[in-house]
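Written out below as structure tokens is the structure these notes cover.
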Amino acid sequence: MNEMSILDPVLLIAIPLGLAFLIPLLGLVSKKIVRWIPVVGFLFNGIVALLILPHVLKQPIIVKIGGFVPPFGINLYAGSVGMLLASLIAITGFLVSIYAVKYITKGAEQKYHILFLLLLTGATGVVLTGDIFNLFVFFEILCISSYALVAYLGTRSGLEASIKYLIQGSIGSSFLLIGIGLLYGQFGTLNMADLARQIVDYTEPSVFVSMVFMITGLGIEAAIFPLNAWLPDAHSSAPSSVSAVLSGIAIEVGLYAVIRVLFTIFAVSNFFIFFMVLGVLTVLIGEMSAFAQKNIKRMLAYSSIGQIGLIVFAFSISTQLGVAGGLFQMVSHTLGKALLFLCAGYMIFRTGSMEISSLEGIGKKMPITALCFTIGTFSIVGLPPFTGFASKFMIIRAALANGELLLQILIGLVLVGTIIEGAYFFKIIQTIYFKGAHKTDNREEAPVTALIPMLILVSFIIVIGMFPNIIDKVLQPAASELLDQVKYIGSVLG
Amino acid sequence: MSLELLIMFAFGGAFLTYLAGKISSKLRDIFALLCSVALVVIVSSLYKVETTITLYNGFFGMPLSMRLNPMAWFFAIAIVSSSALVVLYSMSYMKHRERTDYYYFMLLLINAAMLAIVLSGDLVSFFISWEIMSWSTFLLISYNRNAALPAGIKYIVMSLIGSMCMLVGIISIYTAFDTITISEIVQHMATATAGYKLFLLIIFSITFGIKNAVVPLHTWLPDAYAESPSPFSAVLSGMLTRMGIFGFLLIMFVMVGAENSLHMGRGFFSYHNILAWLGAITIVIPTFIAMLQNDAKKLLAWHGIGQGGYMIVGIAFGTSLGLAGGIFHTLNHAIYIILLFLSVGAIEYSTNGLRDLNSLGGLFKKMPIAFLGGLLGICGLIGIPLTNGFVSKWLIYKTLILGKAPFLAFATLLGTWGTILSVYKFLHNLYLGQLPQEHQNIKKTPLAMQIPIVILSLTILVFGILPGLPLKSINAMIVSFGFTPLTVSIWGISSETGTLNMINIFSILLVVVAIFWLIFQAARKSTAVDQYDNYAAGAAIPKDKYNYTVEFYAPFYRMATPYLRDIFDMLYQKIARFTEFACDNIRKIYTGYVSDYIIYIILFLALLISAQLKWSVF
């Protein structure tokens, strides 16, 4: 392990956390430097995460904090799922923080950057931890920083959304804590692997109470229907750079936590039909609500609900293909939705309105941003040759693989959702390029710091969409890791 | 010349054209034209080449491949040649329009995607190309703004429904046979159950039926054709819609196989018979709806649907003769409908976007080339002997008569009758009759627009007199489907059941024309009068007070309009409105009150607990 000292998963959490606390100090030296700290932090994280990733595909890295052997002490479990998501978080964080350099110029700038770092630290912590209480702590870091960031603009709607989010999020956190407390009371351990081992042999049905509380608690952040009512307000009121991270990272991390709890700790298999139906409902309700929106950010937020539904559906198939498809869809959604929010951010900034109708003629005004936006929508709808198609392909394949009638019907409904999604996204594209009288506006392109992240995201979307094999190499081990509870327990407890 | 190069050239050419447009528009036009001409050259150099190549394994390790065979070549050459003509035409037509770089980029991208569709050797690359074609078409339909926007949405939503069906079909094939390569699927198909084959036929028929605008899946087409820029309407009607025919051939005769798809079900209720009847309905109703149109492009669009019906009838009938007729009609239709759209486009160009049949007329002296195109185009459309449409229609009629399907034959004849009535209106109201005063000094048709019209007009005659030229490669295609070959000569088809020899007809007509000419020579000379020298009931008509072309067929209108409503369009509109209504109400779940949201959370928890208590799922 010596040569891997730089490749320590702990760094992924420690560096951004440390930088977050450094910001107030560095802020005394220079105001400008503060903006670049998240960029540096996540660049580092991205590089480290991508370097670690190949190592964990065969064998996960178990980090024993303070040298305590599990189940004592806290351990990190850097498996393929964790590292896949950690890389995704770091890359998205990196790109969004470049975007924020110019985008966030008003208000409590320093605090924004601190909270942004903390938010993604929390997210990274959630996906890497192997301890259930630790999960709660990171989860709280994630949630609390997002409450604050939603209210960052200080507008009335932002504050209102933030309070609503806070209320619902706190209920979620308390439910989660109740669940964890019940488990701790029953088994006397907080280590996920240890819990899993004991629950396998535990036949009393009372353990389900804690599961239900945990799922409900985590489900709120994961935006599963009907727990997602906070999302449209919060995602649309936040600054666009925050919305990108909330939609692209936060809810997916919440969903990861749900999946981890279900698959690894409780290993329930007969619960999934319920989740499948829930996923399809989430898709339909998300997409249908998005269809009627006039506000672009609300539309994107509702579309996130639809996408989350699709991911829930994919995971609930609980086969190798299904889980891999769900993870893939997470990746595509993160890339696509982050891109859409980033583009929408400057479109709104230039037009001064979030109304879709005000986007008329923006294709002439901001050609590159509009093009990126178009590619983002194509990917989200699932049109080839973009990444959304590849992930949707995988999910449909998983749904049709075992020939169950229920799955076939449900995937049909999911595809109906896709058609609705296509309809409203295509309408926006028409608004951007073709609606209104033909005007020759001056060009007012987004600044370079915004264009770079957008173009990088576009290139990811196209490259992964054309060569999904690149990511498939990570998805397959990741899916088997989630499905193989025994191996998880074995690799932690030895 | 290899296939990879062809595909790379097609897609790369589209991108480079866009970039060239950033430098100068002249460069772009020339580059686009060179690209499309080069594609014609490459594809024609691949005549009779049969090859398969694997492009790459990057898509989940599935081998994405390209293959060239008689069917692919036939469609490929039609695509690239029509594309070249349309690009040439666009050079003048699209001048002074906005976003021309974008227009050329999309036009070439669509052509590249169509080329990739017909060349794809597996279903995944087929689907990918199909989708690229669909979304780029959407982007180009929306180009004209205003009325084009709803047309674009209508198109893309129906197209998405189709592609979702196809995606399910493709993935189900992949899970069933563990392969996506078409040639391997063919072998596996023998082991599949009849029910599964029927499922595949139906689900793919929805996709291709939407694309080929078979009633009742046709409703996207009239608006999309009418609102697109005219050169693109030509591509849309000529080749893009006919990707549906390609798809039908692919699923029926290549993948599922003729021996299966023609024996699916019993008696009347067999797959191909129902398809043929849908084709017949597609011929009759849209053709008569076409008669009611006052928009030149809408009129052509409805004929586009109707003519698609002939192809479907021919193909669904599933004999060598019928297939040859259906496929040949696809090609012929492409030629004359592109010609007609280009002619209408020329009028649009000269009259600043006018295409209303009530306000045009008498243009034949002002625009002789466009008139020639329109005249030969409608001759082809009707199927007048010595034009290409006659041959393919003859093949289809012959098939239906030989196949003892009098009702279908009657439907096709009825369609032709309706076609004659409605295209006469088209020709008359555009070119004949009185020239409205405001069109006295219209713009001249530029050369770049005249050349494609002339070439296509000649092609109509050449294929009408020498139908053997294309029928040879159609014959090769039919043989590859496992049918008995036809005896094709350069002049036509000979068989024991009926011989078609165009040279005989040609010579007879020549003689008849000569006789009539002689008679007219002997008769009294007619005197040439001015176009405005008109009389009605013995009195001179004041200029601009009377226009012959207004309310053409008015009595027929009153009679037929109640029966010729597009009920399917109304039905779909209703569904769309209902969906919108439902969406608007679903949204109200999110009330905005946080207390409601907390109730949702508690209810969810309660639901989970009670589910456990009741069914003990955990």
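Do we have any residue at all in region A:438-461 that's within 14 Å of chain B (Cβ to nearest Cβ), touching a Gly at 6+ places or on another chain (Cβ under 9 Å) and surrounded by 23 or more Cβ atoms within 10 Å (Cβ to Cβ)? No.
Is there a residue being touching a strand residue (DSSP E or B) at 6+ places or on another chain (Cβ under 7 Å) and either in contact (Cβ under 8 Å) with a residue 60 or more places away in the chain or assigned to a helix (DSSP H, G or I) (or both) anywhere in region A:35-53? Yes, the conditions are met somewhere in region A:35-53.
Within region A:58-88, being assigned to a helix (DSSP H, G or I) and within 19 Å of A:Ile47 (Cα to Cα) holds for A:Ser80, A:Val81, A:Gly82, A:Met83, A:Leu84, A:Leu85, A:Ala86, A:Ser87, A:Leu88. Return the pair list, or none, for Cβ contacts closer than 8 Å from residues in region A:219-233 that are in contact (Cβ under 8 Å) with a residue 40 or more places away in the chain and over 15 Å from A:Ser146 (Cα atoms) to residues that are in a loop (DSSP other than H, G, I, E, B) and of a type in the set (A, V, I, L, M, F, W, C), at least 6 apart or on different chains. Taking only residues 6 or more apart or on different chains, the pairs are A:Gly219/A:Leu227.
Conditions (1) within 30 Å of A:Gln186 (Cβ to Cβ); (2) in contact with a strand residue (DSSP E or B) (Cβ under 8 Å, 6 or more places away or on another chain); (3) surrounded by fewer than 24 Cβ atoms within 10 Å (Cβ to Cβ), marked per residue:
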position: A:Ser241; (1), (2), (3): no, no, no
position: A:Val253; (1), (2), (3): yes, no, no
position: A:Ala257; (1), (2), (3): yes, no, no
position: A:Phe271; (1), (2), (3): yes, no, yes
position: A:Gly279; (1), (2), (3): yes, no, no
position: A:Gly286; (1), (2), (3): no, no, no
position: A:Phe313; (1), (2), (3): no, no, no
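Scanning region B:129-145 for residues that are over 18 Å from the mean Cα position of the chain (by Cα) and in contact (Cβ under 8 Å) with a residue 12 or more places away in the chain yields B:Tyr143, B:Asn144. Here B:Leu458, B:Leu486, B:Leu466, B:Leu427 are screened, and the one residue that is without any contact (Cβ under 8 Å) to a residue 12 or more places away in the chain and hydrophobic (A, V, I, L, M, F, W, C) is B:Leu458. No other residue among B:Ile384, B:Ile369 is under 20 Å from B:Ile455 (Cα atoms) and over 23 Å from the mean Cα position of the chain (by Cα) apart from B:Ile369.
A quick yes/no check of all residues on (1) within 14 Å of another protein chain (Cβ to nearest Cβ); (2) among the charged types (D, E, K, R); (3) more than 16 Å from A:Val126 (Cβ to Cβ):
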residue	(1), (2), (3)
A:Leu255	no, no, no
A:Leu278	yes, no, yes
A:Leu284	yes, no, yes
A:Lys297	no, yes, yes
A:Tyr302	yes, no, yes
A:Ser316	yes, no, yes
A:Gln320	yes, no, yes
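The numbered conditions (1) closer than 17 Å to A:Gly248 by Cβ; (2) touching a strand residue (DSSP E or B) at 6+ places or on another chain (Cβ under 9 Å) are all true for A:Ile132 except (1).
What's the total number of residues in region A:151-165 that are touching a residue at least 24 places away in the same chain (Cβ under 8 Å) and either within 14 Å of chain B (Cβ to nearest Cβ) or surrounded by fewer than 20 Cβ atoms within 10 Å (Cβ to Cβ) (or both)? The number of residues fulfilling the criteria is 9.
Within region B:568-599, being closer than 17 Å to A:Asp233 by Cα and among the basic types (Lys, Arg) holds for B:Arg587, B:Lys588.
Condition check: surrounded by fewer than 22 Cβ atoms within 10 Å (Cβ to Cβ), more than 11 Å from chain B (Cβ to nearest Cβ), closer than 22 Å to B:Met158 by Cα and at pLDDT 90 or above. Does A:Ile419 satisfy that? So A:Ile419 does not fit the description; no. Here A:Met366, A:Met354 are screened, and the one residue that is farther than 19 Å from A:Gly306 by Cα and in contact with a strand residue (DSSP E or B) (Cβ under 9 Å, 6 or more places away or on another chain) is A:Met354.
The number of residues in region A:200-229 that are over 26 Å from the mean Cα position of the chain (by Cα), surrounded by 18 or more Cβ atoms within 10 Å (Cβ to Cβ) and away from chain B (no Cβ under 11 Å) comes to 0. Residues in region B:332-370 that are part of a helix (DSSP H, G or I), surrounded by fewer than 24 Cβ atoms within 10 Å (Cβ to Cβ) and of a type in the set (Val, Ile, Thr): B:Ile369 only. On inspection, A:Leu177 does not qualify as at pLDDT 90 or above and surrounded by 23 or more Cβ atoms within 10 Å (Cβ to Cβ). Looking across region B:83-102, the residues that are more than 12 Å from every other protein chain (Cβ to nearest Cβ) and among the hydroxyl-bearing types (Ser, Thr, Tyr) come down to B:Ser83, B:Tyr89, B:Ser90, B:Ser92, B:Tyr93, B:Thr100.
Is there a residue being within 23 Å of A:Phe21 (Cα to Cα) and more than 22 Å from the chain's Cα centre (by Cα) anywhere in region A:88-96? The answer is no, given that none of the residues of region A:88-96 is within 23 Å of A:Phe21 (Cα to Cα) and more than 22 Å from the chain's Cα centre (by Cα).
Residues in region B:580-615 that are facing another protein chain (nearest Cβ under 7 Å) and of a type in the set (Ser, Thr, Tyr) were compared, and the one that is nearest to the chain's Cα centre (by Cα) is B:Tyr590. Where residues in region B:52-66 are more than 14 Å from chain A (Cβ to nearest Cβ) and surrounded by 19 or more Cβ atoms within 10 Å (Cβ to Cβ), which of them is farthest from B:Leu471 (Cα to Cα)? Of everything passing the filter in region B:52-66, B:Ser65 is farthest from B:Leu471 (Cα to Cα).
Selection within region A:370-415: residues that are away from chain B (no Cβ under 11 Å) and more than 23 Å from A:Phe426 (Cα to Cα). The member of this set that is surrounded by the most Cβ atoms within 10 Å (Cβ to Cβ) is A:Leu410.
Just to check your reading of the model, which residue among A:Ile13, A:Ile23 is assigned to a helix (DSSP H, G or I), farther than 20 Å from A:Ser491 by Cα and touching a Gly at 6+ places or on another chain (Cβ under 7 Å)? Among A:Ile13, A:Ile23, only A:Ile13 is assigned to a helix (DSSP H, G or I), farther than 20 Å from A:Ser491 by Cα and touching a Gly at 6+ places or on another chain (Cβ under 7 Å). When we screen B:Ile153, B:Ile141 for residues that are within 11 Å of chain A (Cβ to nearest Cβ), of a type in the set (Val, Ile, Thr) and touching an Asp or Glu at 6+ places or on another chain (Cβ under 7 Å), the only hit is B:Ile141.
Looking at region B:91-103, can you tell me whether even one residue there is over 22 Å from the mean Cα position of the chain (by Cα) and β-branched (Val, Ile, Thr)? Looking through region B:91-103, at least one residue is over 22 Å from the mean Cα position of the chain (by Cα) and β-branched (Val, Ile, Thr).
The values are calculated or read from the model by the stated rules, or taken from the named source; none is laboratory data. Values in this document were obtained by computation on a predicted structure and should not be read as measured data. Positions of Cβ are backbone-derived with ideal geometry, glycine not excepted, and every protein chain shown enters the neighbour counts.
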